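Taken together, the values in this text are just the output of simple stated rules run on the coordinates, not laboratory data. As the structure is a prediction and not an experimental result, all values here were calculated from the model. Because the Cβ atoms are built from the backbone with ideal geometry, glycine has one as well, and the counts that use them run over all protein chains shown.
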Amino acid sequence: LIRLGAEVVHSGISDVHATGHAKQEELKMLLSVARPEFFVPVHGEYRHMVSHARLGRTMGIDHDNVA
């Protein structure tokens, strides 16, 4: 993100705290901006990865390109 010009705020440079887990609307925004061709959910419990894969498909990623 920084390479693309975004200002990334984190606890190393500012007094902030985040859970590290994006909400569904944030994931939708990320997918709409990044527009990945392939999508492989890799973090969380199995139920989270299934839900994230489903979200990727609903955001227009080809079913065959979602693991």
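For a quick check: with amide H placed at 1.01 Å from N, whose amide H comes under 5 Å from residue 59's, ignoring anything fewer than 5 positions away on the same chain?
Counting only residues 5 or more places away or on other chains, the set is empty.
Which of the peptides 26-36, 47-57 is most tightly packed, and how do the rest follow, going by the mean number of other Cβ atoms within 10 Å of each residue?
Answer by packing, highest mean first, reads 47-57, 26-36.
Efficiency by 1/(1 + (r/R0)^6): what FRET value for residue 43 and residue 65, r their Cβ-Cβ distance, R0 = 25 Å, to the nearest 0.05?
Efficiency for this residue pair is about 0.85.
With the Cα gyration tensor of segment 21-67 giving a ≥ b ≥ c as the square roots of its eigenvalues, does the rule (a/c under 1.5 for rounded; else a/b larger than b/c for prolate; else oblate) give rounded, prolate or oblate?
oblate
Can you put 19, 58 in order, fewest other beta carbons within 10 Å first?
Result, fewest neighbours first: 19, 58.
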